[in-house]
Structure formats: C-alpha cells, structure tokens
Amino acid sequence: MSSTTAPASGQPRPQPAAMYAATGLDVWTMMNQAAASVGAVNLGQGYMSFPPKDFIKRAAQEALADGVQHQYAPPRGRPRLLDEVAARFSGLLGRPIDPASEISVHAGANEALLSAFCAFLEPGKGQEAVLIEPAFDQYTPNVAMAGGTPVYVPLRVRTSKDPAREVISSDDWKLDPAELEAAITSKTRILVLNTPHNPVGKVFTRAELEEIGAIATRHNLLVIADEVYEHLTYGAEHVSIATLPGMWERTITVGSAGKLLGVTGWRVGWAVGPRELIQPTLAAHTRIVFTANTPLQEGVASALSAARDNGFVAVQRAEYQARRNRLMAIFDDVGLPYVAPDGAYYILANAGAVRIPDDYEFPPFIEERGRNFKLAYYFTKEFGVSGIPPAEFYSPAHKDIAGDYIRFAFCKTDEGLDECAQRLQKLKAHLQEARAVPF
Ligand code: PMP
C-alpha cells in the first residue's frame, strides 16, 4: 500500500474523488503568491481594489442592524430582492418578469450556474454542454459536478493585423458558427454563452447572437447566458440573447450583484428565465445551498432600489471606462499590444515579444503548467505587475491560442494603475530591445 493511502496507524485513509484530489495550487493562489513575493501591483484576480459606494455599504449595514433579517430566506429569494431583480430585468429583457416564478436568487452567479447545470444535465448519460473558449474557469468543473461532459469551441482571432505588434479589438475574436454546429451532437443539452466576455471583453453583436440562437434552436439546446458584466460596456450595445425572437423560452440569464454593485464578497446572484427553466434551477439550488444569505439579499435589494434613483449604474460605467482607457494608455506608452475590450473589466495583453532567458528558473508548479503560465510568472517577477495566464480558461487542446496573452483586470484604484504605469517602464526598455533583434 502506498504512503498516500496508509498513515502511521497502518489503516487505509479515506480517498477523495479524483476531481477534488489534486493538491496543486490553483491559478489564483499561484499568481497571488508570485505577486506578493515581489510586491507586484496585482491586476490578477477580478475583484475591486476600491470600496463600494457609501450608499451600498449603508444598505448592508442597515440590513444587518435590522433585528429580523437574520434567519433563512425563502429558497427562491427575499421578496424585496425578487421585486428589484424583476424591475431591472423587465427593463433589460423588454418583457414583464414575474418575481414569483421567473427569478431565483443564488449564492453568487457561480452557484446560479452550477444549479442550472445540475438542473439540466442528467448524470451518467454522457450529456454534453458546449463551452466557448476562453471559458470562465468555473464552467468546466461545474459541468463535471453536474455529471455532464464539457465540449469546447474556441473563439478565433480574425484580423489582418498582427496581434503581437498591434492593438486589436475584442470584436476581432470570432465564433465560427460552422465550428459551433460541428461540436453539437445528439447528446448536447446546453450552450453556455458569456457576453460581455471574460477575459476577452467581447460583446457579442446582435447578428452573432442571432446565428448562435438559430443553432441553439435547431438542436433544442438550453442557453445559459452568463451576463454578469451586462452593465459594463464601452460603446458597444449589450444584447441579451433572451430578447431575440423565440429565445426567451430556452434561455436562463445569469447575473451577479457582486459585479453589478462592486461587492464580489457578498455572494449574491440570480437566474432569470421562464418558469419551466427556473423551477428546476431553483430545485437544484435548494439542494445545493438551500438559500442565499438573508441580510445581504436585503442589502442588495436596498442598494438596487437606491441605484434606480441615483444613476449609479451609468456613473459606474463611466468610472470603469476611465480605468480601461487608463490601462490601455499605459500599455500604449510601453509598446505592449493588447485586445481593446468592448465590455467587462479585463484586458488581454499580448506579451509574445517578451524574451524569457533560456536559463530562467521557474518553480515546478509553474514549469509543469506550460508556456503561458511561465510568461505570466516571468512578467510578474520581472516587471512587477501581475496578471492571470488565460491558458487556465482553455481545454488542453486549445491552450496554445492563449499562449502569448496575459489577462489584466482594471477594476483597480487610480493609485494601483499609476503604480502599474511606473513599474512597466522596465518593460518598455525590454520590448524596445527585444523588437530590435529580428526573430
Ligand atoms: N461568470 C463570469 C464570466 C465571471 O467572470 C464571474 C466572476 N469572476 C462569475 C460568473 C461569478 O460571479 P459571482 O461572483 O457572482 O459568483
């Protein structure tokens, strides 16, 4: 018996399921540690480094101060929050949303996604969910937890520009409808669509969504529309696929209070769709967490109500647009090409011109994860700004598509971005040198 199964007592240990057994560092811990080790500006994980607005913090404080809002909420959600989400989505989706049957409140968008996968994948039947890559890193394990099989279709960069030398647009990342349709089999049940997209920043156009919707309809797929960044677009029009003709009936739209209000730690999100799709999603949610936390549901309800009167969403969008423009200007100044995002709060920078010395030493946990991880690690260590290797958002077969990119989050303070500008002066010199040598 191996030492992993037999402790000193000689008795075998309980063995974990394979998908949870890996003891390796996850990408976030890995890159956070690398950033901390050199005091790098951390533009890695997508959480805000600035506090929420006062009216939002106050909403939570008042909810907690209330004596009665500390017990289980109904699994579907607190009535005030259901009413607020119904009000927002009736506007966004252009149809009256019934708070009593067409919404479920979740412990973050993550848990809404897991609940939807559990509700619509029959374990043990080899049912498939199509994920568009780069795919937010929770989708793959969540599909597996629900007993399904993920199938991947990557976005492809389609431009006459050289992405290693020139700025390209998030709209240059295209989904090939023929490639999508070829990935669908008689076992496919779900298509996951993320718009605005993490990490590309792509906002799918109406024409693109019409093509995707037609394919979903032809193959009778459920569309899980992950629209957690619906409020963050920079000139492009966000279209919910659920608003296209015939698509409401087959779409669950997922949203996040964490993203909408800048409070990712509150863990409140929601799913919106027709009664027939929300009922099983709610049933799964009831078995997974039973109910989302009560006081912060109340806090979100109060904040959403206030936000309707104080113009918060528009102000927030302008603030994020300024942060996006600032980080793009920093990259322009140092000569680092990137994918200019139309939405969300990430920029994929193309660091393909960075030259890593052949004898550079990487810790084993980076070495074994391949080229893109090495690039993100080297960048953090040498240039003092840390990002995330987007290879993490790809299946093994497609990881090379991301090889040259690093994802930087711009939901960060002005001071953080100023510091980033300063640190990257070293990169400017490095790139000028690297580009002077023909390769
Ligand atoms: N979907 C996408 C595309 C995301 O980027 C995130 C958060 N990074 C989520 C879902 C999860 O949102 P929440 O924090 O509300 O669980």
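So if I check each of Ile97, Ile103, which one is at pLDDT 95 or above, touching a strand residue (DSSP E or B) at 6+ places or on another chain (Cβ under 7 Å) and more than 16 Å from the ligand (Cβ to nearest atom)? Steps first, please.
Working: Ile103 fails: more than 16 Å from the ligand (Cβ to nearest atom).
None of the other options fit; the residue is Ile97.
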Any chance you could count how many residues in the stretch 243-259 are more than 9 Å from the ligand (Cβ to nearest atom), more than 21 Å from Asp171 (Cα to Cα) and not polar (S, T, N, Q)?
7
Can you pull out the residues in the stretch 261-283 that are within 10 Å of the ligand (Cβ to nearest atom) and buried (at least 24 other Cβ atoms within 10 Å of the Cβ)?
Val263, Trp266, Val268, Gly269, Trp270
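Mind checking whether some residue in the stretch 189-196 is surrounded by fewer than 22 Cβ atoms within 10 Å (Cβ to Cβ) and not aromatic (Phe, Trp, Tyr)?
There is at least one residue in the stretch 189-196 that is surrounded by fewer than 22 Cβ atoms within 10 Å (Cβ to Cβ) and not aromatic (Phe, Trp, Tyr).
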Scanning the stretch 23-46 residue by residue, the ones that are touching a residue at least 12 places away in the same chain (Cβ under 8 Å), surrounded by fewer than 21 Cβ atoms within 10 Å (Cβ to Cβ) and out of contact with any strand residue (DSSP E or B) (no Cβ under 8 Å at 6 or more places or on another chain) total 5
Which residue pairs have Cβ atoms under 6 Å apart, sit 6 or more places apart or on different chains, and have a first residue in the stretch 91-108 that is assigned by TED's automatic domain parsing to the domain that holds Ile288 and a second that is of a type in the set (Ser, Thr, Tyr) and more than 16 Å from the ligand (Cβ to nearest atom)?
Leu93/Thr243; Gly94/Thr243; Pro96/Ser90; Ile97/Ser90
Taking only the stretch 59-84 into account, find how many residues are surrounded by 18 or more Cβ atoms within 10 Å (Cβ to Cβ) and without any contact (Cβ under 8 Å) to a residue 60 or more places away in the chain.
1
Residue among Ala100, Ala144, Ala87, Ala119 that is at negative phi and either buried (at least 18 other Cβ atoms within 10 Å of the Cβ) or in contact with a Cys (Cβ under 6 Å, 6 or more places away or on another chain) (or both):
Ala119
Could you give me the residue pairs with C-beta distances under 8 Å whose first residue belongs to the stretch 248-265 and is on the phi > 0 side of the Ramachandran plot, whose second residue is at pLDDT 95 or above and among the aliphatic types (A, V, I, L, M) wherever it lies, and which are 6+ apart or on separate chains?
Gly262/Ile56
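Take residues that are surrounded by 23 or more Cβ atoms within 10 Å (Cβ to Cβ) and tell me which of the helices (runs of 4 or more DSSP H) falling wholly in the stretch 286-402 contain 1 or more. Explain how you work it out, then say what you get.
On the way: elements: 294-310, 312-334, 364-367, 371-383.
Ranges flagged: 294-310, 312-334, 371-383.
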Show the residue pairs meeting these rules: Cβ distance below 7 Å; 6+ apart or different chains; first residue within the stretch 122-138 and closer than 13 Å to His398 by Cβ; second residue assigned to a loop (DSSP other than H, G, I, E, B) and more than 10 Å from the ligand (Cβ to nearest atom).
Ile132/Leu155; Ile132/Leu175; Glu133/Leu155; Glu133/Tyr394; Glu133/Ser395; Pro134/Val200; Pro134/Tyr394
State all residues of the stretch 28-56 that are in a strand (DSSP E or B) and out of contact with any Asp or Glu (no Cβ under 9 Å at 6 or more places or on another chain); if no residue qualifies, say none.
Asn42
Pairs only if they're at least six apart or on different chains, beta carbon under 8 angstrom, first in the stretch 165-189 and within 14 Å of Tyr405 (Cβ to Cβ), second part of a strand (DSSP E or B) and among the small types (Gly, Ala, Ser); list them, first residue then second.
Val167/Ala340; Ile168/Ala340; Ser170/Ala340; Ser170/Gly343
Residue pairs within 6 Å by beta carbon, gap of at least six or interchain, first lying in the stretch 216-230 and in a loop (DSSP other than H, G, I, E, B), second more than 16 Å from the ligand (Cβ to nearest atom), listed first then second, are His219/Ile184
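From the list Ala344, Ala303, Ala292, Ala351, exactly one residue is within 16 Å of the ligand (Cβ to nearest atom) and touching a helix residue (DSSP H, G or I) at 6+ places or on another chain (Cβ under 6 Å). Which is it? Break it down into steps so the answer makes sense when it comes.
On the way: Ala344 fails: touching a helix residue (DSSP H, G or I) at 6+ places or on another chain (Cβ under 6 Å); Ala292 fails: touching a helix residue (DSSP H, G or I) at 6+ places or on another chain (Cβ under 6 Å); Ala351 fails: within 16 Å of the ligand (Cβ to nearest atom).
On inspection, the qualifying residue turns out to be Ala303.
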Residues of the stretch 195-207 being touching a Leu at 6+ places or on another chain (Cβ under 9 Å) and under 26 Å from Ile406 (Cβ atoms), in sequence order, are Thr195, Pro196, His197, Pro199, Val200, Gly201, Lys202, Phe204
Has the stretch 15-27 got any residue that is within 16 Å of the ligand (Cβ to nearest atom) and part of a loop (DSSP other than H, G, I, E, B)?
yes
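The values are calculated or read from the model by the stated rules, or taken from the named source; none is laboratory data. Everything quoted here is computed from the prediction, not taken from an experiment. Quick reminder, even Gly has a Cβ in these numbers, built from the backbone with ideal geometry, and neighbours come from all protein chains shown.
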